[in-house]
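Worksheet for the structure shown next.
The values are calculated or read from the model by the stated rules, or taken from the named source; none is laboratory data. Computed from a predicted structure; not experimentally measured. Every residue, glycine as well, gets a Cβ built from its backbone with ideal geometry; the counts of neighbours run over all protein chains shown.
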Amino acid sequence: KAGVTQTPRYLIKTRGQQVTLSCSPISGHRSVSWYQQTPGQGLQFLFEYFSETQRNKGNFPGRFSGRQFSNSRSEMNVSTLELGDSALYLCASSWSSGANVLTFGAGSRLTVL
Amino acid sequence: GENVEQHPSTLSVQEGDSAVIKCTYSDSASNYFPWYKQELGKRPQLIIDIRSNVGEKKDQRIAVTLNKTAKHFSLHITETQPEDSAVYFCAASMGGGSYIPTFGRGTSLIVHP
């Protein structure tokens, strides 16, 4: 079966712009979580959605938001981009909000100029 | 919240040597400890995990040990090969609604031929 699909894979934006990233989970998986990965900082948790509801949220400013659709696809949005938002954004899916095993997508690499 | 410390940040070994990566966690309620491997330019993938009801788990050349009393767990790779070169992330999480794993900052393992 298809894995976790993220689009776009690469994008370049300028400061002040906004960006929307998309994640399609594995078929049957209802939980989608988002992570920001930067060198030396590991994987920083952004938020997790299950059945169209945000279940958990990390310590990121309100400029970072997300949503999940009825087909479990999820989007995350970053408004008023800053240089420090340059990172690899990974989403991961699992079959349930209580399940532990995560399957990651390939990520969306965002560069903010 | 949970805090996961991972050491070392970089580990360089010769092919055939063993490699050990150590992680400590802070929340005694954590009961699931996965390890993810991320090769350069690729997505993190689960390589092994352990739950709090066991002390050790092996899968071919890799093993994970858990010391609940001391709140630390380790990844052991024996007979390292160049294809083991990657960044390894440990994580700790609890079951139920707070399952979101907290990741360590990663260890870059370099295996020299």
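Reported count of residues in the stretch A:98-113, each being surrounded by fewer than 20 Cβ atoms within 10 Å (Cβ to Cβ), of a type outside the set (Val, Ile, Thr) and either within 26 Å of B:SER93 (Cβ to Cβ) or within 14 Å of the chain's Cα centre (by Cα) (or both), is 4.
Listed conditions (1) more than 12 Å from every other protein chain (Cβ to nearest Cβ); (2) touching a residue at least 12 places away in the same chain (Cβ under 8 Å) are all met by A:ARG55, apart from (1). The residue that is farthest from A:SER65 (Cα to Cα), among those in the stretch A:35-52 that are among the aromatic types (Phe, Trp, Tyr) and at the interface with chain B (Cβ under 10 Å from one of its Cβ atoms), is A:PHE50.
Within the stretch A:22-78, restricting attention to residues that are among the hydrophobic types (A, V, I, L, M, F, W, C) and more than 13 Å from A:TYR89 (Cβ to Cβ), the residue that is surrounded by the fewest Cβ atoms within 10 Å (Cβ to Cβ) is A:PHE69. Residues that are facing chain A (nearest Cβ under 10 Å) and more than 12 Å from the chain's Cα centre (by Cα) were ranked within the stretch B:31-43; the one that is surrounded by the fewest Cβ atoms within 10 Å (Cβ to Cβ) is B:GLY41. Screening A:ALA106, A:ALA92 for residues that are among the aliphatic types (A, V, I, L, M) and within 7 Å of another protein chain (Cβ to nearest Cβ) leaves exactly one candidate, A:ALA106. Within the stretch B:46-60, one or more residues are out of contact with any Cys (no Cβ under 7 Å at 6 or more places or on another chain), at negative phi, loosely packed, with under 14 Cβ neighbours inside 10 Å and within 14 Å of another protein chain (Cβ to nearest Cβ). Checking B:ALA19, B:ALA92 one by one, the residue that is within 14 Å of the chain's Cα centre (by Cα), among the hydrophobic types (A, V, I, L, M, F, W, C) and within 14 Å of chain A (Cβ to nearest Cβ) is B:ALA92 and no other. Check the stretch B:42-53 and report whether any residue there is in contact with an Asp or Glu (Cβ under 9 Å, 6 or more places away or on another chain) and outside any strand (DSSP E or B). Scanning the stretch B:42-53, I find no residue that is in contact with an Asp or Glu (Cβ under 9 Å, 6 or more places away or on another chain) and outside any strand (DSSP E or B), so the answer is no. Is the stretch B:80-103 home to any residue that is of a type outside the set (Val, Ile, Thr), assigned to a loop (DSSP other than H, G, I, E, B) and on the phi > 0 side of the Ramachandran plot? Looking for residues that are of a type outside the set (Val, Ile, Thr), assigned to a loop (DSSP other than H, G, I, E, B) and on the phi > 0 side of the Ramachandran plot, one finds none in the stretch B:80-103, hence no. Looking across the stretch A:4-51 at every residue that is of a type in the set (Gly, Ala, Ser) and within 23 Å of B:CYS90 (Cβ to Cβ), the one that is modelled with the lowest pLDDT is identified as A:GLY40.
Among the conditions (1) at pLDDT below 95; (2) within 20 Å of B:ALA92 (Cα to Cα), A:GLN54 misses just one, which is (2). The single condition among (1) hydrophobic (A, V, I, L, M, F, W, C); (2) at pLDDT 95 or above; (3) buried (at least 19 other Cβ atoms within 10 Å of the Cβ) that B:VAL13 does not satisfy is (3). In this structure, is B:ALA70 closer than 19 Å to B:SER26 by Cβ, small (Gly, Ala, Ser) and surrounded by fewer than 19 Cβ atoms within 10 Å (Cβ to Cβ)? Yes.
Going by what's in this entry, would B:PHE73 be described as in a strand (DSSP E or B), away from every other protein chain (no Cβ under 14 Å) and aromatic (Phe, Trp, Tyr)? Yes: the conditions hold for B:PHE73.
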